[in-house]
Each structure stands twice: as C-alpha cells, then as structure tokens.
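Beneath this line is the structure, given in structure tokens, with notes to follow.
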Amino acid sequence: MTTFILKRIAGMAPVLLVILLLTFTMIRVAPGGPFDRDRKLPPAIEKNIRARFNLDLPVWEQFALWMKDVVLHFDLGPSTKYRNRTVNEIIAQTLPVSMTVGGIAFCLASLSGIALGSLAAVRRNTAVDYASMMASMTAICVPVFVLAPICLLIFGLKLGWVPIAGWGSWQNVVLPAILLSLPYMAYVARLMRNSLIEVLQQDFVRTALAKGVSRHRAVVHHAFKLALLPVISFMGPMAAEVLTGGIVVEKIFNLPGMGPFFVSAVFDRDAFVVAGITLVFSVMLLFFNLVVDVVYHYLDPRIRIHT
C-alpha cells in the first residue's frame, strides 16, 4: 500500500506540470493583457512594469521562471492586479473560507445523500422512494444561481434568520453551505439508490436472506459497503470541487473565497493568480482521487491495488 501511494504521488508531478503549462499558456496568449484596463502609462513606465512581471520574455521562459520559484521557494508569484499582494497571500486568505463552506457542504451532501439514497432503495417503489427521487431531481434541475437569491429573500430579508452577505460568524456559513450541497446531495442520493438496489439483487444477498438473515442486517452488513463503491468514486472529484468553493455561491453571498478571485483573475489576465488557484484545485483533485483508490481497497478487499 505504501509503495502504491508513493508511486501515485510521484505520478502527480507530470500531470500537474501539464495542467499548469496549459493554464499558464492559455491565459498568457489570450487577447488583451493584465494592464489593458489601467489608464495609459508612459512607455518607459509600462516597459519597467512589464519587465517587473517578466512579461517582456517569451511565454515558455515566463513559465520556466515561475515554476522555478514554485518548486524551490513555494512562491506562486506576484499578482498583476493586486500589486501589493502575492498569490500566496491571496490563497492563504481565501482558501480557509472556501474550505469551510465547502467542507460543511461536502459533509451535508455525503451524509444526506447516502441516507436518502439508502432509504429510497430499501423502500423501493413506495411513496418514500418517489418523493426522495423527485426532491433529488429538483435539486439537480434548479440552478444554484436561481435558488440562492430566492433563499436570500426568504430567509435573509423576510425572516431575518441568516445574514444576507459577508463573513465572520457561523450564521454566514449556513445558507451558502446548504445551497452548495444540494446538487451534490442529489447526485449522491441517486447513485446510492441505484447501487444499493443492484447489490440487493445479487446472489450473495439472496442467499443471506434465504438463510434467515433479517433484511436490515442484510442491507447494513452485507450490501451497504459494496453499494458505496460507485458513490466513493463520485465523492473524490466532488470533494475537490466542493472544498475549493462554489464560485456562484461565493459571488452571491459576497464571501471572500477563492471563487471571486479566480473569475476576476481570468478577466484581468492575472496569470499567476489563475495558475496558483488552478494548482490548488488540481492538487486537491489528485489527492482525493488517491484517497478514493485507498478507500476502495478497504471497502472491498477483492479489489487489489497493484504496486
């Protein structure tokens, strides 16, 4: 297992390199520049500013110098938009916000989705099943950018239960986390339902029931772990996406997370910020995919991890 994990970690390096190269290149060769929105500067000053951010060099050389700082000094570079802040500082200030909202949303989506899907599978073709799946489809079909303003009007302005924007207390987290979790909870519920129904129809479960094992014990002790496998596969990339925060949710609730900075950096051609946030997202995605493979092995010992 240790050898497998070390090999996977080593294999992440070329994947990250390709992702960062493509991201950096695309943002640099895109039309416009990081200083196009500024007022017109004298040529000499503009030349000095471009030299300060290595913009006068070829794209490949800019990327090589940036990667050197990242690898040797863990320095993600300066922001061309926020001149007095580095990318490290921006991520250090915004990542905890996105992680807090995303972490709570991930727990809500995972636990609620698994419980709802299991209940629907056990009560298949009953009112409970139809109601839970209808709720799941509604959560998937109604976009967050439609639901969030409605919830703000009802729970924030009309009832006054939660703040309508900002950051600073646990009340600021409640509504964004719930809204961010809803579509993922729906996907997890549908996956869990279909998977558990399929497992319950397999021979080993029928044999257990024929030997007198109660249906509750057959579900909990025999079928549940196997039914979790496709759900775990989905939860890997879901964790990376949710934990880095929902751009729409952070924008609507005016949360100081990574999402608004990432969108702003793309429009401002702030390549260092875009590449830095992409690096964080990519590392988390690869990490959680590794966690999924390890959890797979422990949930089903029949799955062998080849080292």
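The values are calculated or read from the model by the stated rules, or taken from the named source; none is laboratory data. Since the structure is predicted, the reported quantities are computational estimates derived from the model, not experimental observations. FYI the Cβ positions are ideal-geometry reconstructions off the backbone, even for glycines, and counts take in every protein chain you see. Side chains included, ligands, DNA and RNA excluded: accessible areas come from the protein's heavy atoms. Shrake-Rupley method; radii C 1.70, N 1.55, O 1.52, S 1.80 Å.
On full extension, the segment bounded by Phe155 and Phe287 gains 43.9 nm, given 0.36 nm per residue less the C-alpha separation. The residues of the chain expose, per residue, 54 Å² of accessible area to a 1.4 Å probe. Give me the percent of accessible area attributable to carbon and sulfur for region 48-119, probe 1.4 angstrom. Percent of accessible area from carbon and sulfur atoms in region 48-119: 65. Nonpolar atom fraction for region 196-299, defined as the carbon and sulfur part of the 1.4 Å probe accessible area, stands at 65 percent. Per the Debye formula on identical point scatterers at the alpha carbon atoms of region 72-173, with no solvent, log10 I(q)/I(0) at q = 0.13, 0.17 Å⁻¹ is -0.76, -1.00. Counting only whole DSSP H helices of the chain, the ones at least 20 Å long by C-alpha along their axis and with mean Kyte-Doolittle hydropathy no lower than 1.0 are 2-29, 87-122, 127-141, 171-200, 224-243, 271-299. For the chain, the dipole from Cβ point charges (+1 on Lys and Arg, -1 on Asp and Glu) about the Cα centre works out to 560 debye, to the nearest 20. Max-minus-min Cα coordinates of region 1-153 on each principal axis give 74, 52, 27 Å, with the largest extent listed first. Against the empirical 2.2 N^0.38 Å (N residues), region 139-211 has a Cα radius of gyration ratio of 1.74.
Between region 218-287 and region 60-88, the C-alpha centres lie 23 angstrom from each other.
The percentage of C-alpha pairs in the chain whose separation is greater than 26 Å is 58%.
Rolling a 1.4 Å probe over the protein heavy atoms leaves Tyr130 with an accessible area of roughly 130 Å². Looking at region 186-307, what % of the alpha carbon pairs are farther apart than 27 Å? Pairs farther apart than 27 Å: 41 percent. For the pair Tyr296 and Arg85, the difference between a 0.36 nm per residue extended length and the Cα-Cα distance amounts to 71.8 nm.
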